[in-house]
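Read the structure below first, then the notes.
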Amino acid sequence: MTLPIVQYGHPALRRKGARVEQITPAILKLIDEMFATMHEAAGVGLAAQQVAQALQLTVIDVRAVKDRPSTLQLGGQDADAEACMPLVLINPEIKPFGEPATGPEGCLSFPEIFADITRPEQVTVTALNRQGERIEFTAGGLLSRAIQHEYDHLQGILFIDRMSAKVRSGLQEELDALQQATKAALRPAG
């Protein structure tokens with residue numbers, strides 16, 4: 001089953017997620033529904049806030065993107081990023097590092113809006129997986145960018161907050177229209 005993806009202007013997108021204290025059947029069902037939703041929308045990541053759940057939970061799968069490679073290190077050794085997909089990160093902690101890298105980003109909560117965003121090129125991650133096991137790894141390339149983008153969602157930060165003022169100004173009309181449409185849809189009929 002898929003879930004509705006909330007769009008810019010929905011209050012859930014600005015909520016910091018609560019820690020997931022226990023991996024319950026409801027959490028496992030949410031993970032499955034988030035993957036189904038993300039894949040149907042042709043995304044590479046989806047945070048719980050994007051389906052109106054303020055939790056520290058995100059799902060990522062970069063296998064469909066062939067023109068933007070990902071790197072992964074497990075225990076200091078190079079690993080196959082695709083073999084580790086799909087990825088569930090529960091209560092993630094990240095440490096971005098490396099040179100700033102600018103690359104294109106979009107967001108399922110901002111349909112048809114894209115911009116170049118600058119982020120550190122690599123990230124170390126500590127999180128729980130779907131089974132509640134602690135995982136640690138270092139990512140680069142698209143996987144690093146996706147993790148940082150989704151982690152921001154878990155903190156109530158949106159990719160528009162990372163845009164340069166000039167880029168955001170150029171998109172302001174589209175952003176205002178999206179926000180107004182979302183808020184209008186949330187108003188009770190009457």
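The values are calculated or read from the model by the stated rules, or taken from the named source; none is laboratory data. Computed from a prediction, not measured in an experiment: that's the story for all the values here. Note: ideal-geometry Cβ built from the backbone for every residue, glycine included; neighbour counts use all protein chains shown.
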Unique match (being β-branched (Val, Ile, Thr) and closer than 16 Å to Arg14 by Cβ) among Ile147, Ile157: Ile157
Subset of the range 140-175 (residues that are polar (S, T, N, Q) and assigned to a helix (DSSP H, G or I)): Ser144, Gln148, Ser169, Gln172
Failed item in (1) without any contact (Cβ under 8 Å) to a residue 12 or more places away in the chain; (2) over 16 Å from the mean Cα position of the chain (by Cα), with Arg68 passing the rest: (1)
Val62 being surrounded by 14 or more Cβ atoms within 10 Å (Cβ to Cβ), outside any strand (DSSP E or B), of a type outside the set (D, E, K, R) and at negative phi: yes
Members of the range 97-128 found to be surrounded by 14 or more Cβ atoms within 10 Å (Cβ to Cβ) and more than 27 Å from Glu174 (Cβ to Cβ), listed by number: Pro120, Glu121, Gln122, Val123, Thr124, Val125, Thr126, Ala127, Leu128
Of all residues in the range 36-47 being within 15 Å of Ala146 (Cβ to Cβ) and among the hydrophobic types (A, V, I, L, M, F, W, C), the one that is surrounded by the most Cβ atoms within 10 Å (Cβ to Cβ): Ala47
Residue in the range 17-30 that is more than 15 Å from the chain's Cα centre (by Cα), part of a strand (DSSP E or B) and more than 15 Å from Leu143 (Cα to Cα) present: yes
Positions within the range 19-37 being out of contact with any Ser or Thr (no Cβ under 9 Å at 6 or more places or on another chain) and under 27 Å from Leu175 (Cα atoms), in sequence order: Phe35
Single residue of Val88, Val125 found to be in contact with a Lys or Arg (Cβ under 6 Å, 6 or more places away or on another chain), modelled with pLDDT of 95 or more and part of a strand (DSSP E or B): Val88
